[in-house]
Amino acid sequence: MTVTDPRRVTHRAIEAVWRIESARVIAGLARLVRDVGLAEELAQDALVIALEQWLESGVPDNPGAWLMATAKHRAIDLLRRQTRYADKLEEIGRDLDARQRAEPGPDTEIEDEIGDDLLRLVFTACHPVLPPESRVALTLRLLGGLTTEEIARAFLIAEPTVAQRIVRAKRTLAAKKVEFELPAPHELADRLASVLGVIYLIFNEGYAATGGDAWTRPELCQEALRLGRILAGLAPEEPEVHGLVGLMEIQASRLRARTGPEGDPVLLLDQDRRLWDRLLIRRGLEAVGRAEALGGRFGPYALQAAIAACHARASSSQDTDWERIAALYQVLAHVSPSPVVELNRAVAVGMASGPVAGLEIVDALASERTLAAYPQLPAVRGDLLARLGRLGEARREFERAAALTRNARERALFLRRAAGPSDGTATE
């Protein structure tokens, strides 16, 4: 069978349609059946039917509407068999009849209330009753359309582990009777923070892989960007959403420059900025501008985006406004205090005011238990010591960083720096 075989071409088209449309179909079904697990099963049933029929008849003109209509019919059949849902069935039937009378075809049906449905699905998949790793897995499954195998491969964990997380997440949502609805106004800020945190966690695992042999996993960055852009369209008045999108766009613009020809890490100050993606930078700066235009107090993502914008606007590391970056980190430390933010501030202060000033901040973090196994702490300290000419101490810090990291590429980088650290190379 060749690549041009019609059945294989159709099969690939079906996979592409599913990746694009599955979240909308699941969201629309979840509003009807009030159960995301059941909604996904019904959507999968529709996909199986599509695989059987489209291979013979071809992909229809509006595949998303076809999948939605087929899945809804499955939902109605299921509800019809469950007498305790009789009242709900009658309500759904009236709703569908009204839609069919009011609308000439299926094209607009899939779009009807789709924004609210997708937003409900986002908040459900990222609900605080779930542990973070389950939120990530469920979000990638329901909103990204990724298989358990794809999620496991991306995060370098066993496929059964991913499957268990997804199953447990669905059971937890059902057991806790989590409603498929938008959060109340007084809950919105906390719930939105959970959603943004999940998306950025996915992005960060792609941008700086915590384990394995690859320094980056661009496919995860792309998935997080796609989710962020969807969320920005669903919540256009939320500055933090635009801040996160801007941050991810700008950081993603550096992906090509972050690795050398052999896949070795290239740190920020050593990167060839001609490789930075100017389109992503422009989109990122536009998102930062939208966050600023909405006004109000900047949150952590908008502040990090502003920091990223400073790097993006600079033609070289020497032209970077390190004083502004240090000041922004100072604000970020006030808005969202954490030892990691302080460590990043130390890097900026070290660039703006010299390595002695940066080292003072790093040394104050030495007793932080949350950073005890964080390889970037000794890596930053080693960099600052190297710039001060204290090469023996720097070497020991880089060796310690190499022992802490679980990423093979990063370990090799730290060991190279331990063998002969160069001056002026800041970590990202």
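No value in this document is a laboratory result; all are computed from the given coordinates. All figures in this text were calculated on a predicted structure; none of them were measured in a lab. Cβ coordinates were reconstructed from backbone atoms using ideal geometry, including for glycine residues, and neighbour counts include every protein chain displayed.
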Dipole of the chain, positive end: most advanced residue of L29, Y329, N344 [Cβ charges, Cα centre]
N344
Label point at Q222 placed 7 Å out along Cα→Cβ; residues across segment 248-265 whose backbone nitrogen lies under 18 Å:
248-259
Would you please classify the overall shape of segment 204-320 from the alpha carbon gyration tensor, given that a ≥ b ≥ c denote the square roots of the eigenvalues, rounded means a/c under 1.5, and beyond that prolate means a/b larger than b/c while oblate covers the rest?
oblate
Value at 222 nm in deg cm²/dmol, rounded to 500, when DSSP H runs of n ≥ 4 in the chain each add -39,500 (n - 2.57):
-22500 deg cm²/dmol
With an 8 Å cut-off on Cα pairs and a minimum separation of 6 or more residues, tell me the relative contact order of segment 204-320 in percent.
28
How about segment 218-320: which GluC sites (Glu not before Pro) there are in a DSSP loop, with at most 16 other Cβ atoms within 10 Å of their Cβ?
E237, E262
Within the set S134, S317, S22, GNM on the chain using Cα springs under 10 Å gives the largest fluctuation to S317
Only Cα pairs under 8 Å and at least 6 apart count here; give the relative contact order of the chain as a rounded whole percent.
11
Neighbour net charge for A373 - beta-carbon separation under 13 angstrom, K R +1, D E -1:
+2
Under 10 Å, Cα contacts only: if you run a Gaussian network model on the chain, which one of A13, A193, A312 comes out with the highest mean-square fluctuation?
A13
Taking the Cα centre of the chain as origin, work out the dipole magnitude from +1 charges on Lys and Arg Cβ and -1 charges on Asp and Glu Cβ, in debye rounded to 20.
940
Name the residue from L244, F203, G233 whose Cα lies farthest towards the positive end of the charge dipole of the chain, charges +1 on Cβ of Lys and Arg and -1 on Cβ of Asp and Glu.
F203
Proportion of all alpha-carbon pairs of segment 334-428 beyond 16 Å (%):
50
In Å, what Rg and Dmax follow from the Cα atoms of the chain?
24.4, 79
Estimated dipole of segment 334-428 in Debye, rounded to 20 [Cβ of Lys and Arg +1, of Asp and Glu -1, Cα centre]:
340
Highest-MSF residue in the chain out of D270, D117, D383 [GNM, Cα springs under 10 Å]:
D270
If you take the charge dipole of segment 112-251 about its Cα centre, with +1 on Lys and Arg Cβ and -1 on Asp and Glu Cβ, which of I151, L188, V122 is farthest toward its positive end?
I151
Relative to the present Cα-Cα distance, how much length would full extension add between S315 and E52 at 0.36 nm per residue of separation?
89.3 nm
